[in-house]
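Asker: Next up is a structure, given as structure tokens.
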Amino acid sequence: MAGLLKRSAETVLDRGGAVRGFVNMGRDQTLPYRMKRHMEYHTSGTYWLMHYYANPKTSGVLMSQLKLDPRVIRCNVVKVTDKLNEMVAVGETQAPAAGDISVPSVASLGFKHRPVDFEEELHFKFWNPLHYYKALNQHRMRLNLPNPGQFEMLNREVKGTMLTNFMFDGGRADLAKILSPNFQVMHTFQLGLPGQPSSFEFAGVYADEDTLMHGKMDTDFNLQARLNYALSKKLQFKSQAQLASSDSQSMFQAESEYTGADYTANVKAINPSLVDGTGIYLASYLQSITPKLSIGAELLYQCPMPKVQETSTSFSVRYQPSADRVWVAQTQGTSLLTTSYWRKISDKCDAGAELQLVNIAAQGRRDASCSVGVKYDFAASTIRAMADNFGKVSMLLEEKIAPGFSFLVSGELDHLKGENKFGVGLNIES
């Protein structure tokens, strides 16, 4: 209610009017009859009165805003008098003298002044498309919707619970050295399995408020680099590059992301060629519809070779009824549907499930997969476990032995294929 009253007062003050005060005429009062407003029925409401000075045009703008506000059931403007010195405020017995009337300023009431063009502030007209656009933006501002995040991170909670991004096999050691608050280096040793040689990677990371730079190189001289730079608080530029001994594994990716108050827009180009126009291009948009619901779409255009073009459209829905549960559904063209559910069972335990349906008519492929995972945080350790419908069971244990020192054990059993994997790792940070 405070935000509604403040916005109403700003509408009057910004147009040269004055507000004498507010009167609360009762909270949760029973309405004379059941009223319908904004597709909902109401039987009770809060009555309030604002006493103000303004011209007729300002009153018209105020009424238009109140009628579009979903919090307002009914509103009305009553003209008291034509002369300022004849107006009697609520609680007064006689009108004040003209010399005694003091009009409060915008600053004295704590409101921020916004210059307004009176020629542009017209009444809403159904034939003017600009008025629909302005009304939609005003409605979005009133809802105060949150930013939905990135399109590719819609099911981030499930990814943090499942083992897909954490599983490893063989022996592994990660050594990190923090050289400054903004810069650190990392060494990764991977012991080879039968048929796979051992490897070593060296990586460096620099990060500050606006810039993130990350690069790493392995023993085969494969180089990977990433750069994120914030051009402003809302606009960010990102790029990734990979140079490998094989040209088919080398790639370059550039993207730009704009983060609005209640939406996120992203454009991306992978291996773009200005000569023959080949490459992969993506554009995504994610919009919050309500504080709990957000929807998005992604358009993919790829040209693997000249005169060969393909396009596909993906849609997504994210529904978060509360802070401890999330539903997500995503499509990739007409061939793939992915749904997921995440639930925080307690402060230490959360679980997730993911269902994926594949239908590729050209390949005669039609199958489905389901995975269920759980994560439990102990005082000094974390356990992740996952199982799917193909008979694969996996688990990961991360034990924090001391600050900056962790011991990891992972294992995977594939009952259908009769295969198993086992891994031991160390994480040391200094």
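The values are calculated or read from the model by the stated rules, or taken from the named source; none is laboratory data. What you are looking at is a predicted structure, and each value in this text was computed from that prediction instead of being measured. FYI the Cβ positions are ideal-geometry reconstructions off the backbone, even for glycines, and counts take in every protein chain you see. The protein model used for the area step is the full one, side chains on, heavy atoms only, and it has no ligands, DNA or RNA in it. Shrake-Rupley method; radii C 1.70, N 1.55, O 1.52, S 1.80 Å.
Asker: For the list (1) among the aromatic types (Phe, Trp, Tyr); (2) assigned to a helix (DSSP H, G or I); (3) modelled with pLDDT of 85 or more, I need the number of the one condition that Phe166 fails.
Answerer: (2)
Asker: Follow-up. Cβ-Cβ distance below 6 Å, separation of 6 or more or different chains: which pairs start in the stretch 51-62 with a residue that is over 9 Å from Arg15 (Cα atoms) and end on one that is open to solvent by less than 30 Å² (accessible area, probe 1.4 Å)?
Answerer: Short answer, once both residue conditions are applied: His51/Gly21; His51/Ala89; Tyr52/Val12; Tyr52/Gly17; Tyr52/Val19; Tyr53/Gly17; Tyr53/Ala18; Leu62/Thr11.
Asker: Of the residues Glu399, Glu419, Glu412, which is crowded, with 16+ Cβ neighbours inside 10 Å and among the acidic types (Asp, Glu)?
Answerer: Glu412
Asker: Please verify whether the stretch 368-381 includes one or more residues that are on the phi > 0 side of the Ramachandran plot and either exposed (fewer than 14 other Cβ atoms within 10 Å of the Cβ) or modelled with pLDDT under 95 (or both).
Answerer: No, that holds for no residue.
Asker: Regarding Tyr33, is this residue hydroxyl-bearing (Ser, Thr, Tyr) and either within 19 Å of Leu143 (Cβ to Cβ) or at pLDDT below 80 (or both)?
Answerer: So Tyr33 fits the description; yes.
Asker: Next question, about the same structure. In contact with a strand residue (DSSP E or B) (Cβ under 7 Å, 6 or more places away or on another chain), among the aliphatic types (A, V, I, L, M), assigned to a loop (DSSP other than H, G, I, E, B) and surrounded by fewer than 16 Cβ atoms within 10 Å (Cβ to Cβ), is that true of Leu175? Full working, then the answer.
Answerer: Working: in contact with a strand residue (DSSP E or B) (Cβ under 7 Å, 6 or more places away or on another chain): yes; among the aliphatic types (A, V, I, L, M): yes; assigned to a loop (DSSP other than H, G, I, E, B): no; surrounded by fewer than 16 Cβ atoms within 10 Å (Cβ to Cβ): yes.
For Leu175, the condition - in contact with a strand residue (DSSP E or B) (Cβ under 7 Å, 6 or more places away or on another chain), among the aliphatic types (A, V, I, L, M), assigned to a loop (DSSP other than H, G, I, E, B) and surrounded by fewer than 16 Cβ atoms within 10 Å (Cβ to Cβ) - is not met.
Asker: Sticking with this one: Counting only residues that are outside any strand (DSSP E or B) and more than 21 Å from Ser245 (Cβ to Cβ), which one in the stretch 194-234 is modelled with the lowest pLDDT?
Answerer: First pass over the stretch 194-234, keeping only residues outside any strand (DSSP E or B): 194-198, 208-210, 219-222, 231-234.
Then drop every residue that is not more than 21 Å from Ser245 (Cβ to Cβ), which leaves 194, 208-210, 231-234.
Working: Pro194: 71, Asp208: 90, Glu209: 88, Asp210: 90, Leu231: 92, Ser232: 90, Lys233: 88, Lys234: 91.
My answer is Pro194.
Asker: On to the next question. Would you mind stating whether Leu274 is within 30 Å of Gly215 (Cβ to Cβ) and free of Cβ contacts under 8 Å to residues at least 24 places away in the same chain?
Answerer: Against the criterion (within 30 Å of Gly215 (Cβ to Cβ) and free of Cβ contacts under 8 Å to residues at least 24 places away in the same chain), Leu274 qualifies.
Asker: Tyr33: of a type in the set (Phe, Trp, Tyr) and open to solvent by 50 Å² or more (accessible area, probe 1.4 Å), yes or no?
Answerer: Yes; evaluated as a whole, the condition is true for this residue.
Asker: Being under 24 Å from Leu408 (Cβ atoms), in contact with a strand residue (DSSP E or B) (Cβ under 8 Å, 6 or more places away or on another chain) and surrounded by fewer than 16 Cβ atoms within 10 Å (Cβ to Cβ): is that true of Leu243 here? Give the steps one after another, and end with the answer.
Answerer: Details: under 24 Å from Leu408 (Cβ atoms): no; in contact with a strand residue (DSSP E or B) (Cβ under 8 Å, 6 or more places away or on another chain): yes; surrounded by fewer than 16 Cβ atoms within 10 Å (Cβ to Cβ): yes.
Here the answer is no, as Leu243 does not meet what is asked.
Asker: Also, quick follow-up: Would it be correct to say that Arg325 is touching a residue at least 12 places away in the same chain (Cβ under 8 Å) and open to solvent by 30 Å² or more (accessible area, probe 1.4 Å)?
Answerer: Details: touching a residue at least 12 places away in the same chain (Cβ under 8 Å): yes; open to solvent by 30 Å² or more (accessible area, probe 1.4 Å): yes.
Against the criterion (touching a residue at least 12 places away in the same chain (Cβ under 8 Å) and open to solvent by 30 Å² or more (accessible area, probe 1.4 Å)), Arg325 qualifies.
Asker: Sort out which residues of the stretch 1-29 are within 19 Å of Asn55 (Cα to Cα) and of a type in the set (S, T, N, Q), and write them in order of number.
Answerer: Ser8, Thr11
Asker: Considering each of Ser346, Ser316 in turn, give the residue that is out of contact with any Ser or Thr (no Cβ under 9 Å at 6 or more places or on another chain) and among the hydroxyl-bearing types (Ser, Thr, Tyr).
Answerer: When all the criteria are applied, what remains is Ser346.
Asker: Does the stretch 402-409 contain any residue that is of a type in the set (Phe, Trp, Tyr), open to solvent by 50 Å² or more (accessible area, probe 1.4 Å) and over 32 Å from the mean Cα position of the chain (by Cα)?
Answerer: yes
Asker: Out of all the residues in the stretch 266-309, which are within 30 Å of Pro70 (Cα to Cα) and either of a type in the set (A, V, I, L, M, F, W, C) or open to solvent by less than 40 Å² (accessible area, probe 1.4 Å) (or both)?
Answerer: Passing the criteria: Ser284, Leu286, Gln287, Ser288, Ile289, Leu293, Ser294, Ile295, Gly296, Ala297.
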